[in-house]
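Report on one structure; see the data block that follows.
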Amino acid sequence: MPIHKMLEKADRILKRGRIERLDGGSFNVIGDHGTYTVVQTLDGKVHCNCPGFIEKGICSHSLAVSKYLQYYKK
């Protein structure tokens with residue numbers, strides 16, 4: 001999926017309030033095909049357990065959490 005499409009999906013996830021902040025830098029993100037866990041590491045990087053992130057190292061869920069963290073300043 002092109003990056004601009006991932007960013008559009010990330011914006012929809014944020015707009016619809018589909019991110020749940022958990023303890024320890026973890027988030028549940030409700031995507032189109034399931035609920036995924038996104039974790040922010042100590043160095044600030046985000047990782048998702050969805051198949052797209054595992055394959056490509058980026059996904060709409062991880063982008064949505066990155067935007068969420070920028071907005072809410074961690």
Within segment 30-45, how many residues turn out to be more than 10 Å from the chain's Cα centre (by Cα) and outside any loop (DSSP other than H, G, I, E, B)?
2
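Residue by residue, here is whether (1) on the phi > 0 side of the Ramachandran plot; (2) surrounded by fewer than 10 Cβ atoms within 10 Å (Cβ to Cβ); (3) touching a Ser or Thr at 6+ places or on another chain (Cβ under 9 Å); (4) aromatic (Phe, Trp, Tyr) holds:
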site: Ile30; (1), (2), (3), (4): no, no, no, no
site: Cys50; (1), (2), (3), (4): no, no, yes, no
site: Ile54; (1), (2), (3), (4): no, no, no, no
site: Gln70; (1), (2), (3), (4): no, yes, no, no
Residues satisfying the stated conditions in segment 53-74, i.e. more than 12 Å from Val39 (Cα to Cα), β-branched (Val, Ile, Thr) and touching a residue at least 12 places away in the same chain (Cβ under 8 Å):
Ile58
Subset of segment 13-29, residues assigned to a strand (DSSP E or B) and of a type in the set (Val, Ile, Thr), comes to Ile19, Val29
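The numbers here are math on the coordinates, done by the rules we state, and not lab data. All figures in this text were calculated on a predicted structure; none of them were measured in a lab. Every residue, glycine among them, receives a Cβ derived from its backbone with ideal geometry; neighbour counts consider all protein chains shown.
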